[in-house]
Amino acid sequence: MTQILKGKFPVAQLKEWMKQETEKLKTGGIVPGMGIIRVGESPDDIAYENNIIRNCKDIGIQVQVFQTSPNTSPDAFLDLVRNVNNRLDIHGILIFRPLPDSFQIDSVKCLIQPQKDIDCIQPENLLKIFEGKTDGFAPCTPEAVIEMLKYYQIPLQGAHVVVINRSMVVGKPLAMMLLQEGATVTICHSKTKNLREITSQADIVITAVGKPKIFGAEYFHDRTTVIDVGINYTEDGKICGDVNYEEVYGKVQRITPVPGGVGGLTTAVLLKHVIEACKRQQI
Ligand code: NAP
């Protein structure tokens, strides 16, 4: 029987911890604060923002949204980031990306203070991931994957993990974090030959491809743990993962559902980072 790795249980555990931590901070008169910088009015960004605001309210984090137009000048945008950076009541900053090309993303990344960089866009924090240091902030999705595996006590040491994604947001940092846990990691991508042969030898397969239901049962074996990070839409507008869940369920050892898997845990990890950032800034 296939075990379904639901995100709601690790999320509940994390939320409980976050509520306790915000209560402790409040006794010292401190309220963890998050700043969201959004350019434009993308419905996806607004939906994610509303989800974050709802969760922050539940936990006791104060959120401020700084919205600006895509027509803002690059200099004005850098000034906005500087101002949010300097606010003492904002401990963690999330900038919705991608930014318009004219906004010089590299300057923005370097400008954000590493101790407020809860989404790990600052090169200093990324370097820490590659060095195996834990005093920075990891990118939220890779950390959510690791949290999921640890919550369900899936052994990583010595495990062969195949990651299908080589982006800086997911695949590359995730591979480094898995190495740190003692896994043997294979990174695959669109140019990988014989992908099926590689995945079918793995203990754990993590997919973050962004193509609906492209991985069927033939990619796995009956002891595979499948972590599906992909968020896609079917033709009739339903959310689905990269894995053909209906076909694969029953044929592998464990699988994350989409929705209901890694996605919600990613948001919870982001809020955990706000609290950690707030605590670190009190020292
Ligand atoms: P991305 O930059 O487009 O990366 C996609 C990766 O998949 C690339 O490395 C690409 O290879 C590879 N790929 C594409 N088609 C493939 C194929 N047929 N076979 C093997 N590999 C293939 O996207 P991303 O930003 O990393 O996001 C990936 C997915 O994760 C999206 O569905 C996104 O919505 C989801 N996501 C989820 C969360 C969450 O919290 N759950 C967070 C972030 C992203 P190349 O490098 O060769 O092009």
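The values are calculated or read from the model by the stated rules, or taken from the named source; none is laboratory data. Predicted model only: the values in this text are computed from it and were never measured. Cβ coordinates were reconstructed from backbone atoms using ideal geometry, including for glycine residues, and neighbour counts include every protein chain displayed. The area values use the complete protein model at the heavy-atom level, side chains included, leaving out ligands, DNA and RNA. Shrake-Rupley method; radii C 1.70, N 1.55, O 1.52, S 1.80 Å.
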Fill in: Protein accessible area in the stretch 141-278, 1.4 Å probe - carbon and sulfur %
49 percent
Response to the item:
Taking 44, 119 and ranking on accessible area (1.4 Å, protein atoms only), highest first, one gets 44, 119
Item to complete: Figure the gain on full extension for residue 62 and residue 110 (residue separation times 0.36 nm, minus the Cα-Cα span) and round it to one decimal in nm.
Response: 14.8 nm
Discussion item. Straight-line reach from residue 24: which aspartates and glutamates fall under 15 Å, measuring Cα to Cα and dropping same-chain residues less than 8 apart?
Written reply: 16, 276
Worksheet item: Among 50, 125, 85, which one shows the biggest mean-square fluctuation in a GNM of the chain, springs joining Cα atoms closer than 10 Å?
Response: 50
Practice prompt. Mind jotting down the distance between the C-alpha centroids of the stretch 217-283 and the stretch 37-60, whole Å?
Written response: 19 Å
Fill in: Candidate lysines for bridging to residue 191, where Cα separation is under 18 Å - those fewer than 8 sequence places away on the same chain excluded
172, 211
Response to the item:
For the chain, Rg(Cα) over 2.2 N^0.38 Å is 1.02
Worksheet entry | Cα gyration tensor, the stretch 28-113 - rounded (a/c under 1.5), prolate or oblate | oblate
Worksheet item: Whose amide H sits under 5 Å from the amide H of residue 7, counting only residues 5 or more places off or on another chain, with H placed in the peptide plane?
Response: 261
Discussion item. Can you tell me, using C-alpha contacts under 8 Å and at least 6 residues apart, the relative contact order of the stretch 28-113 as a whole percent?
Written reply: 43 percent
Discussion item. Let me cross-check residue 34: its accessible surface, 1.4 Å probe, with only protein heavy atoms counted, in Å² to the nearest 10?
Written reply: 0 Å²
Worksheet item: Per residue, how much accessible area does the chain have with a 1.4 Å probe, in Å²?
Response: 48 Å²
Worksheet item: In what order, largest first, do 238, 116, 6 sit by accessible area if the probe radius is 1.4 Å?
Response: 238, 6, 116
Discussion item. Over the chain, with a Gaussian network built from C-alpha contacts below 10 Å, which listed residue (134, 267, 186) shows the highest mean-square fluctuation?
Written reply: 134
Worksheet item: Rounded to the nearest 5, what is the percent of antiparallel bridges among the DSSP beta bridges in the stretch 140-263?
Response: 10 percent
Item to complete: About the Cα centre of the chain, how large is the charge dipole given +1 on each Lys and Arg Cβ and -1 on each Asp and Glu Cβ? Please answer in debye to the nearest 20.
Response: 460 debye
Discussion item. With θ taken as phi - 60° and the coefficients 6.51, -1.76 and 1.60, list the Karplus ³J(HN,Hα) couplings across the stretch 87-103 in order, rounded to whole Hz; mark glycine and proline as x.
Written reply: 6, 6, 8, 10, 9, x, 10, 10, 10, 5, 10, x, 8, x, 3, 5, 7
Worksheet, complete the sentence: Between residue 184 and residues 5 or more places away or on another chain, the pairs with built amide H atoms under 5 Å apart involve 158, 159, 160, 161
Discussion item. At a threshold of 8 angstrom on Cα-Cα distance, excluding pairs fewer than six apart, so keeping six or more, what relative contact order does the chain reach in percent?
Written reply: 22 percent
Worksheet item: So how much slack lies between residue 167 and residue 1, counting 0.36 nm per residue of separation and subtracting their Cα-Cα distance, in nm?
Response: 56.5 nm
Worksheet item: Roughly to the nearest percent, how much of the accessible area of the stretch 28-113 is carbon and sulfur, given a 1.4 Å probe?
Response: 50 percent
Worksheet entry | Rounded if a/c under 1.5, otherwise prolate or oblate - the stretch 140-263, Cα gyration tensor axes | rounded
Item to complete: Using amide H atoms built 1.01 Å from N in the peptide plane, name the residues 5+ places from residue 152, or on other chains, whose amide H lies under 5 Å from its own.
Response: none
Item to complete: Evaluate the distance, in nm, between pseudo-label points positioned 7 Å from the Cα of residue 44 and of residue 26 along their respective Cα→Cβ axes.
Response: 3.5 nm
Item to complete: Straight distance only, please: which lysines reach the Cα of residue 19 with their own Cα at less than 17 Å, same-chain residues fewer than 8 apart left out?
Response: 8, 57, 272, 279
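Report the relative contact order of the stretch 140-263, percent, no decimals, based on alpha-carbon pairs under 8 angstrom and at least 6 residues apart.
22 percent
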